[in-house]
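A short write-up of the structure that comes next.
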Amino acid sequence: MMALIVAYLDKINFSTQIVEKKESFRTSNALDIVSKYDVVVDGTDNAPSHYMINDCCIVLRKVMDIVDRLFVAMFDSLNVKCKKELEAIGRQYPFEPLKYGTEFYILYKYPQAVRPFYTIPCHENPSYNNSFDVFIEGEEIISGAQRVHVHEFLEKRAGVYGIDVKTI
């Protein structure tokens, strides 16, 4: 199965390097393994490994790096491949080209007090959490967060917010 996936990905993007990790994935080596890659595809078959990979990606900001680069690549590609279409749209609905760094931005690690109780607190500073919003020209287009997935911790977080778990 892995050979088929590698062949397909190589066909659609020959510059992508696929590395299959066969070593045991443990808490002692997880951050080291994940830190070496730009994109991590979770092929595990058990929940603890899945959550550990997810946590490592959050800590190492892998998701944010990917989202940021994804939008820049999309905008660059649209400006080149759809130049005629964008000019036609601009004649009917005038707009200025997107300027990076001003009208496209990502906010992450919101204060815990302004996000739902089921959002996981940040490892470095629990007064913040692992959530993000992506904005283009002042409009939120994507948001996401790492959700609490352990029942006992979810009950604890609900208690902090004064929420009776029987009402959930």
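Any residue in the range 92-104 that is β-branched (Val, Ile, Thr) and assigned to a helix (DSSP H, G or I)?
No - not one qualifying residue is present in the range 92-104.
Yes or no: the range 68-88 includes at least one residue that is within 17 Å of the chain's Cα centre (by Cα) and among the basic types (Lys, Arg). Taking every residue of the range 68-88 in turn, at least one turns out to be within 17 Å of the chain's Cα centre (by Cα) and among the basic types (Lys, Arg). Applying the condition of being part of a strand (DSSP E or B) and more than 14 Å from the chain's Cα centre (by Cα) to the range 120-134 and asking which residue is farthest from residue 158 (Cα to Cα) yields 128. Considering only residues in the range 107-141 that are under 22 Å from residue 53 (Cα atoms) and β-branched (Val, Ile, Thr), the one that is surrounded by the most Cβ atoms within 10 Å (Cβ to Cβ) turns out to be 120.
In the range 1-12, what residues are modelled with pLDDT under 65 and either surrounded by 10 or more Cβ atoms within 10 Å (Cβ to Cβ) or under 17 Å from residue 39 (Cα atoms) (or both)?
In the first step, residues of the range 1-12 are kept if they are modelled with pLDDT under 65; the result is 1-2.
Answer for the range 1-12, where residues must be modelled with pLDDT under 65 and either surrounded by 10 or more Cβ atoms within 10 Å (Cβ to Cβ) or under 17 Å from residue 39 (Cα atoms) (or both): just 2.
Do we have residue 157 as assigned to a helix (DSSP H, G or I), surrounded by 11 or more Cβ atoms within 10 Å (Cβ to Cβ), at pLDDT 80 or above and of a type in the set (Lys, Arg) here? Steps first, please.
Numbers: assigned to a helix (DSSP H, G or I): yes; surrounded by 11 or more Cβ atoms within 10 Å (Cβ to Cβ): yes; at pLDDT 80 or above: yes; of a type in the set (Lys, Arg): yes.
In short, yes.
Look at the range 58-78: where a residue is within 29 Å of residue 32 (Cβ to Cβ) and in a helix (DSSP H, G or I) and a partner is at pLDDT 75 or above and polar (S, T, N, Q), sitting 6+ places away or on another chain with Cβ atoms under 7 Å, you get 58/130; 58/146.
The values are calculated or read from the model by the stated rules, or taken from the named source; none is laboratory data. Remember, predicted model here, so these are calculated numbers, not experimental data. So basically every Cβ, Gly included, is an ideal-geometry build from the backbone, and we count neighbours across all protein chains shown.
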